[in-house]
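Readers should treat all values here as calculations from the given coordinates under stated rules, not as data from a laboratory. The structure displayed is predicted, hence computed values, not measured ones. Using ideal geometry, Cβ is built from the backbone for each residue, glycine included, and neighbour counts are taken over all protein chains shown.
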Amino acid sequence: MLEELYLENYVLFEQASLRFSRGFNIISGETGAGKSLLAGAIGLALGERAAAEVIRSGTDKAVISAVFSLPDNFDKRVLAETGIEPDGEGKLVFERVLRRDGPSRLSVNGRPATAAAARELSVHLLDIAAQNEYTRLVESSYQRELLDKYGKLEKPAEEFAIIFRQALSLHNRLQAGDAEKARVRRRLEEVRYELDLIAQADYVPEEDDKLEHRISALTHAEALQALATKGEGVLYENEGAVQDVLGSLLREAEDMAEYSPALKEVAENLAEAIDRVEEAVRGFREVGESVEAAGDELESLIERAEMLKKLARRLDCEISSLPEKEKALREEEENLSGWEADTASVKRELLSALARAAMAGAKLLEARKKTGKKLAKDVNAALADLGMEQAGFAVEFAPLWKQGDEPEALVTKANAGGLEEVRFLIAPNPGEAASTLAETASGGETSRTMLAIKSALSAAHCPPVLFFDEVDAGIGGRLGDNVGEKMKALSASRQVISITHLPQIAAKADTHLKVAKKVSKGRTLALVEELQGEARVEEIAQMIRGEAATATTRQQAREMLET
C-alpha cells in the first residue's frame, strides 16, 4: 500500500505530507486547489519524466517521496529483475529530487536507482486512472492495451510487434530511394559517433552522484580542513585534550573501583567514551586527508561532471540512464547496418518475416477474441453495479489485414499493435445499436465504463494500489452511491485512493483528506489535512450544498457517514 506521499516545493505545495490508510481513501477540495497534481507527483516519484515547471517558483529544487509497504504475497521476482530491494520492514521509499539547474535524482531506500527500473516496478505497485486516461479510453490503441493487460497477452503482443517491425524495416529498405538510403547512412554515422562519445566518457554507474558529493566536499575544503584540525586538536592533540582528560579519569576510577562498586560501571562508560573519541579523531583525520592537497582535483572533477551533463543533454537522457541509452543505440546501429544488403537477400528475409508476422498475428487475434468475450462479461456485470443495468458492452475486432490479402500489404495496412483494430462498443440503452465509446458515451458513461474496466482488470492485474483521479467526472449525485460502493468493494482486497467531488463517495471512505488553498505573504499555498469528526461532517456538508454548509446539510452529512 501507499503509506505516505511527501511533497516539498512542488507546484503549489510548499511542504505537505499525505498519509494514507488501508482500504478506501478519498481526497476532496475545491476546484483548482491542487488535488489532481497528486497523481502527477506519484508518477514523478516513480520515475516519470519531469519538467522544471513543477518546481515551485522562487525555489531551486523540489522533493517528492512516496513510501510503499509491500504485501506478503508480492512477487519477489519483480524486485530481482529491477535490482531494487525493500528495507528491513518490507518498505520501498522512492525519492525524486528535481533541480532547476541540473539533472534530477531518483533513489529507492536511499540508494540511487534508474528511472527505467522504477517505472518497471511501479506497474506492479499501483495503477493510476488519471483524467487523461478517461480521454484515452476512446482510442483504439489504448483499448487494445487494456484488453492485453486483462488477458495477460503483453508478451505475445510484444513478440508480434518485434516481428512486424522487422518486416516493416525490410519493406522500407526495398522501397527506399536514394534519398532515404542517404538519410539512413547519415543516421548510422551519427549513431556510431554517439556510441564513440559514450565509450570515451567511460561512465561508471552512480559516478554522477559520487562526483557531486566530492565536488561539494572540495568546494568547502577550507572550512572542512579547519574543522578537522580543530576537532583533532580538541579531542587529541592539544594540551588538556578530551582524550587525555578521559584517560586520566579512567585510571583514577579503576584505581578506586575496589572501594565503590559504582565506579566499575563509571570506568566502563569512560572506556567506551574514549573509544568513541578515538573514532571521532579518526573521522576528523579522514576528512582532513580527503580534502588536503586536493590540487587541481576540483577543477578536473567539475570538468568531468560538465562533460557528462553535456553528453546527457546531447543524447536527451539523464546521466544515470547512459547505459540504457548505449544499449538502445547498439540495437539501432545493428538495424541500420543491414540496409546495404543486396535486394534479393532482403526480399527473401521480407517473405520470411511476413510469414512469421501473419502466423503470430493470427494467433494473437484468436487469443484476443477469447479474452474480449470474458472482458465484456465482467464489464457488463460491473456496469450493472454502477447503475447501467441496461447497457451492453462488447469488444469488436475490425481486420486490417487477413489471410488471402497480398502478403506485403500486411506492413502497409496493419501496424505493430496487431492485424486488427480493437473497438470497445457500448449500447447505453436497450434497443439501440452498439457504437464506439467515442460516438456514444457521455462523460459520465465513459467514467463509469473506465471504473468497470478497472474493476474487471483488478481480478487479472492486481497491483496493491488503485488511484482514481476524479472517476466521478460527469456523474450526478444519484449515481454517486453506486460508484462509491464499487470503489469500496475494490478496497476490500487492495488500497483504493480516489480524488472526488461527490459527497456520496467521500462518505464511504475509511480515510478522508482535504486539499485547500490559502494565500500567505502574497503566495498561494496548497495545504493538506486529514478530516475527522465534525471537520469531516462540515466538508461533506459543503460538498452537498456547494457553498456554506447549513444545519440541514450537516444533518445529511451525518446520515451519510452513519450509513
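To the nearest 10 degrees, how steep is helix 207-219 against the longest Cα principal axis of the chain, on a 0 to 90 scale?
Tilt relative to the chain: about 40 degrees.
Quick one: of the DSSP bridges fully inside the chain, what percent are antiparallel, nearest 5?
On the way: 47 of 64 bridges.
Around 75 percent of the beta bridges assigned by DSSP in the chain are antiparallel ones.
Just to be sure I understand the model, the point goes 7 Å from the Cα along the line to the Cβ. What's the resulting Arg19 to Leu249 distance in nm?
Simple spin-label model gives 3.9 nm for this pair.
Quick one: order Trp401, Trp339 by neighbouring beta-carbon count within 10 Å, fewest to most.
The fewest-first ordering by Cβ neighbours comes to Trp339, Trp401.
Using the structure shown, list the pairs from Lys76/Lys374; Lys152/Lys347; Lys155/Lys210; Lys35/Lys521 with a Cα-Cα distance above 31 Å, or answer none.
Pairs exceeding the cut-off: Lys152/Lys347; Lys155/Lys210.
How much length is gained if the chain between Glu53 and Lys155 is pulled fully straight, taking 0.36 nm per residue apart and subtracting their Cα-Cα distance, in nm to one decimal?
Result for the pair: 33.1 nm of gain on full extension.
Jot down the radius of gyration and Dmax of the stretch 1-60, Cα atoms only, both in angstrom.
Considering the stretch 1-60 through its Cα atoms, Rg and Dmax are 12.2, 38 Å.
With everything on Cα atoms, drop me the angle between helix 242-256 and the longest principal axis of the chain, reported from 0 to 90° to the nearest 10.
With rounding to tens, the tilt is 70 degrees.
In degrees from 0 to 90, rounded to the nearest 10, what is the angle of the helix 477-490 Cα long axis to the longest principal axis of the chain?
60
Please name whichever of Ser69, Ala51, Gly88 sits farthest to the positive end of the charge dipole of the stretch 1-110, dipole taken about the Cα centre and charges placed at Cβ: Lys and Arg +1, Asp and Glu -1.
Ala51
Which FRET efficiency value, to the nearest 0.05, is calculated for Glu272 and Ser300 with the Förster distance at 41 angstrom and r the Cβ-Cβ distance?
Plugging the Cβ-Cβ distance into 1/(1 + (r/R0)^6) gives 0.45.
For the stretch 207-294, with only Lys/Arg (+1) and Asp/Glu (-1) charged at the beta-carbon, what is the dipole magnitude about the Cα centre, in debye rounded to 20?
160
Going by a ≥ b ≥ c, the root eigenvalues of the Cα gyration tensor, does the stretch 495-558 fall in the rounded group (a/c under 1.5), the prolate group (a/b larger than b/c) or the oblate group?
Judged from the Cα gyration tensor, the stretch 495-558 comes out oblate (a/c at least 1.5, b/c at or above a/b).
Considering the dipole of the stretch 207-294 built from charges on the beta carbon (Lys and Arg +1, Asp and Glu -1) around the Cα centre, which of Val245, Val277, Val234 is farthest to its positive end?
Of the listed residues, the answer is Val234.
Given Lys61/Lys518; Lys61/Lys310; Lys149/Lys517, which pairs have Cα atoms separated by over 31 Å?
Lys149/Lys517
Restricted to Cα positions, what overall size does the stretch 207-294 have along the principal axes? Three whole-Å values, descending.
So the extents along the principal axes, rounded to whole Å, are 59, 28, 13.
How large is the dipole of the chain about the Cα centre if only Lys and Arg carry +1 and Asp and Glu carry -1, each at its Cβ, rounded to the nearest 20 debye?
Value, rounded to 20: 3140 debye.
Could you state, as a whole-number percent, how many of the C-alpha pairs of the chain are farther apart than 44 Å?
38
Mind checking which aspartates and glutamates have their Cα closer than 20 Å to the Cα of Lys91? Skip sequence neighbours fewer than 8 apart in that chain.
Glu3, Glu4, Asp72, Asp75, Glu81, Glu120, Asp127
Got a sec? Charge dipole of the chain, +1 on Cβ for Lys and Arg, -1 for Asp and Glu; which of Ser260, Ile26, Leu386 is way out at the positive end?
Looking along the dipole axis, the top candidate is Leu386.
What longest range of the chain stays clear of loop-exposed GluC sites (Glu not before Pro) (DSSP non-H/G/I/E/B, at most 16 other C-beta within 10 angstrom)?
433-546
Tell me, what is the FRET efficiency for Asp72 and Lys402 to the nearest 0.05, using R0 = 41 angstrom and their Cβ-Cβ distance as r?
0.30
With the Cα gyration tensor of the stretch 268-396 in hand, convert its eigenvalues to equivalent ellipsoid semi-axes via √(5λ) and list them largest first in whole Å.
Sorted largest first and rounded, they come to 60, 36, 15 Å.
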